[in-house]
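Since the structure comes first, as structure tokens, the remarks are kept for the end.
Where a number appears in this text, it was derived from the coordinates with a stated rule and is not lab data. Note that the structure is a prediction, hence the values are computed from the model and not measured. Backbone-built Cβ (ideal geometry, glycine too); neighbour counts: all protein chains shown.
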Amino acid sequence: MNLSLSSFKGRLPENRKVWLPENRKVRAGIAILVFFALFALAGPFLVEDVFGLSATAIHTADGMQPPSGSHLLGTTATGEDVLAQLVVGSRVSLLVGLVAAVISTTLSVLVGVAGGYLGGTADALLTAGTNIALVIPSLPLLIIVASYVKGRGGWLTVALIIGLTSWPWGARGKRAQTLSLRRRDFVTAAEMTGESRWWIITRELIPSMAPLISASFLSAVVLSMFADAGLSFIGLGNINLTSWGSMLYWAQNASALARGAWWWFIPPGACIAVIGVAAGLINFGIDEIANPRLRKPGRAVRRRAAAAALRTTEEAR
Amino acid sequence: MTAPSETVAVVAAAESPKERPARRLRLGAGRYFVQRLGFYLAAAWIAITLNFLLPRLMPGDPASALIAQMQGRSALSGEQIASIYRLFGDPGEPLWSQYLTYLGQVAHLDFGLSVAFFPTPVWDVISAGLPWTIGLVGITAVLSFVIGTAGGIMAGGRAGSRVDSVATPGAMFLNALPTFWIALLFVLVFGFQLAWLPTGGAYDGDLTPGFTAEFIGSVISHAALPALTIALGWSATWYIGMRNMMITTVSEDYVLLARAKGLGKSRVMFRYAARNAILPSVAGFAINIGNVVGGQLLVEAVFAYPGVGYLLYQSVASVDYPLMQALFLMVSLSVLAANFLADSVYGLIDPRAREGRA
């Protein structure tokens, strides 16, 4: 994963190995995301083949059971195992997040970098388009489009709609970054050697923005998962496919709240929340790397600073 | 997730003085407003056109699907069919003439009849829900901006202090949670387990609306949980943006100078540092109104609060396309209007914004 922010300043030296950034918040965030990726990849096999649990098997006699030895996270109103649903559902939720994020990140990179580099009329048009897309509220738009295509295409359609409506924020940030890069030496050098604009955008500018792009990609994954959960929750996602959002929908539909069945909707929401926290940690960490003033000084540094301050005041006396 | 401050800071940093013409005519406040007004009018036109095109671009034929679905439930009156064609256009008519008819209808707030609340006109349904949402959004947006920004000034002015080290991780955590899930937790804890506050509706159904203490109390208690949910999440967002900007600002030379002159601590913090640090937050406020409203829609659905969000939820559940389309248009136009207002304020307090950087 290329997240080292040291390359923000210039171009990445060709053969430097890029490891995880030192920042602890970024590391913790990435660790959580990796955990969930493994959870989604391997979890369903473990749950279904190793432990023999099913996300869809209905046991009407066991409806709305609180957590117990046989159902670690309890059961739904129709007796499905909540833990099994949680594990199986992680796959759909992550998949929607990933696909939507690929779409929106690609769009935002193309629009933002092209606008920032080309300048002139092209930039004016792209920026105006971005700004307009930014002020038209995306969730209502998402709801309208999703309700027209309801039931058609499954999770892929949902991912597509989310991806197509969530690019403007990213485009804005990438344009700003491109503006600061386009007069750098490596771009001028490429221009001098007569490389085409397309070549400069794809081979020079985009690679040098890799850290920014990967960070915004991670945010996009999480925001898309939020959007998917919200859409499914109001019945517009793929509610017949087990996902964290559809779990919340069915829980709401069966009045899980009024019946006190917390084990039904807390786990899927908590998983989404933990992933949100992971993205927040990464964002925060990246802010700290980019702006050293935000870093909280370690205890030792603070003690030394306090001692120094004391000394100066004493000297002043 | 993107802190509002960040983008603005990057934009400001990105434009090196070399790239700007040495002397640029300052855009006067008047011209700035005209330019912003032009932008928002263009955005409104696009929202209106999008609303026209969406149902016509969709695969399949939503109009016949809707008619078929409704006929399954009960016989359709001519009025109902007319209402559906008013929305989707008469397929026999050419697109441009459909478009002109549609623009005329929008200008007259004529959106046909609602399917879910048949035979109430769509506009009547919306105007019943609008005040609830405007009240809730207005109060919570302002409240969370004030709380979050004040907290950010205090924490960012003294980074590493106890307030900072408790509130910042807390705000980060809150900021990372999906709003509608916080709403669900509140319903469970405060609504059902503790039974402190009502979890549905805008007021007690037994009361007749009016300016009585009982009715107003009921309105407040019903709005409490939805308002708290939204305010919590958004205070956290403003807090983080303000704190980060404040930290950057307090180490600027002019703040140091103010401190060296021996000015009072709070004077330096508020009159010097916060005054400049708040600019990106005001700009962010404009851009984020759309997100606040978006989050609000789902929260209203959770609390069955009878504003536009809950109406949208109901229109989706009952495939009420006329209502759904009109709601999207109303929400978009209100967000654009709010944006224009916030932009104008920003242009007033920061002359640099008028130079076309915002």
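Per-structure values
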quantity	calculated
Percent breakdown of C-alpha pair distances by 5 Å bin, ordered from the shortest bin, for region B:119-161	5, 19, 13, 13, 10, 10, 8, 7, 5, 4, 3, 1, 0
Alpha-carbon centroid distance for the pair region B:263-284 / region A:180-247, whole angstrom	34 Å
Whole-number Å³ per residue for the convex hull built on Cα positions in region A:176-282	125 Å³
Under-5 Å amide H pairs with B:LEU113, H placed in peptide plane, nonlocal only	B:VAL122
Virtual paramagnetic centre 7 Å along Cα→Cβ of B:THR208, amide N under 11 Å, in region B:114-129	none
Order of B:HIS222, B:HIS108 - criterion: other Cβ atoms within 10 Å of each residue's Cβ, fewest first	B:HIS108, B:HIS222
Globularity ratio of region A:103-160, using Cα Rg and 2.2 N^0.38 Å	1.41
Karplus-derived HN-Hα couplings along region A:247-256 (A = 6.51, B = -1.76, C = 1.60, θ = phi - 60°), whole Hz, x at Gly and Pro	4, 5, 4, 5, 5, 5, 5, 8, 6, 4
Using alpha carbons only: equivalent-ellipsoid semi-axes of region B:180-329, gyration tensor based, whole Å	41, 20, 14
Descending semi-axes in Å of region B:95-177, equivalent ellipsoid built from Cα gyration tensor	47, 15, 12
For region B:307-320, 3J(HN,Hα) per residue [Karplus equation, 6.51 cos²θ - 1.76 cosθ + 1.60, θ = phi - 60°, Hz, x = Gly/Pro]	x, 5, x, 5, 4, 4, 4, 5, 5, 5, 5, 9, 6, 8
Ranked A:ASP185, B:ASP343, B:ASP164, criterion: other C-beta atoms within 10 Å, fewest first	A:ASP185, B:ASP164, B:ASP343
Calculated P(r) of region B:184-270 - Cα pairs past 19 Å, %	62 percent
Cα point-scatterer Debye curve for region A:63-169, base-10 log of I(q)/I(0) at q = 0.16 Å⁻¹	-0.82
Relative contact order (percent, whole number), region B:186-297, Cα cutoff 8 Å, 6+ residue spacing	20 percent
Taking the convex hull of Cα positions in region B:97-145, its mean projected area over all directions (nm²)	4.9 nm²
3J(HN,Hα) from dihedral phi, region B:175-181, Karplus parametrisation 6.51/-1.76/1.60, rounded to Hz, x for glycine, proline	5, 8, 8, x, 4, 5, 6
q = 0.15, 0.23 Å⁻¹: log10 I(q)/I(0) that the Debye formula gives for region B:266-347, counting C-alpha atoms only	-0.65, -1.02
Kirkwood Rh, Cα atoms: Rg over Rh of region B:139-180	1.02
Using distinct alpha-carbon pairs, which all enter the 1/r mean, Kirkwood radius of region A:112-214 in Å	15.4 Å
